[in-house]
Structures are given as C-alpha cells and as structure tokens.
Amino acid sequence: MDLDQLDLDDVLAFEPREDLDCAIIGFGGQACGKKLLIYDYQKLVNAFMVANNWTEDESIEWVDFNVVGAYVGEGTPIIMEALDGA
C-alpha cells in the first residue's frame with residue numbers, strides 16, 4: 001500500500017500536508033485502535049528545513065518541541081527514529 005491508497009480522512013496527519021506528507025513512512029496501530037500515521041524523524045527535520053529555509057539545528061529544535069512533544073488527541077501520529085545501522 002502507498003500513501004495514495006491510505007484514507008487520510010480516518011487518521012490525523014501533521015499540517016501542512018503538502019510539506020510533511022513526504023515524511024510519512026507507513027501506518028500502524030494497536031489491537032482495536034485507530035490507524036496511526038508513522039513519520040520518520042529525520043524526514044520531518046528535512047521537510048521543515050526545506051519548507052522554512054531553516055538550518056538543521058533550527059529544524060531539530062522545532063521538531064523536538066512542537067512535533068515530537070505534541071499530543072493532538074487520540075490518533076496522534078507516531079514519530080519513528082531509526083536505530084543506528086538500520
């Protein structure tokens with residue numbers, strides 16, 4: 001399945017979608033729970049750098065505080081960080 005096949009009306013997505021959908025790497029969830037979008041941390045950092053003409057440090061600070069640290073209710077997306085060497 002690719003992003004075009006996923007019904008994004010049923011999940012919470014970070015906005016603006018035109019800038020941040022590129023950081024979606026899949027979806028997941030738990031038994032009897034809602035589907036949750038999964039974003040790649042580094043791709044989010046890169047997306048904010050490009051969208052806002054920020055340095056990597058500026059983008060990391062923004063993502064850590066405003067995205068990773070945000071709870072937007074049931075269905076809050078998952079932020080995935082790859083393990084070293086993965």
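The values are calculated or read from the model by the stated rules, or taken from the named source; none is laboratory data. Being a predicted model, the structure only gives us computed values, none of them experimental. Note that each Cβ is placed from the backbone with ideal geometry, even for glycine, and that neighbours are counted across all protein chains shown.
Taking residues in the stretch 39-53 that are more than 12 Å from D21 (Cα to Cα) and touching a residue at least 24 places away in the same chain (Cβ under 8 Å), and partners anywhere that are part of a strand (DSSP E or B) and not small (G, A, S), the pairs with Cβ atoms closer than 6 Å and at least 6 places apart or on different chains are Y41/I79.
Residues that are of a type in the set (A, V, I, L, M, F, W, C) and modelled with pLDDT under 90 were ranked within the stretch 27-49; the one that is surrounded by the most Cβ atoms within 10 Å (Cβ to Cβ) is F27. Among residues of the stretch 60-86 that are farther than 30 Å from C32 by Cβ, none has a Cβ under 7 angstrom from a residue that is among the aliphatic types (A, V, I, L, M) and at pLDDT below 90 at a sequence gap of 6+ or on a separate chain. Can you name every residue in the stretch 3-26 that is surrounded by 11 or more Cβ atoms within 10 Å (Cβ to Cβ), at pLDDT 75 or above and assigned to a loop (DSSP other than H, G, I, E, B)? Matches in the stretch 3-26: V11, L12, A13, F14.
Among the residues of this structure, Y71 does not count as one that is among the aromatic types (F, W, Y) and in a strand (DSSP E or B). Within the stretch 29-68, the set of residues being assigned to a loop (DSSP other than H, G, I, E, B) and in contact with a helix residue (DSSP H, G or I) (Cβ under 8 Å, 6 or more places away or on another chain) comprises K34, K35, W54, T55.
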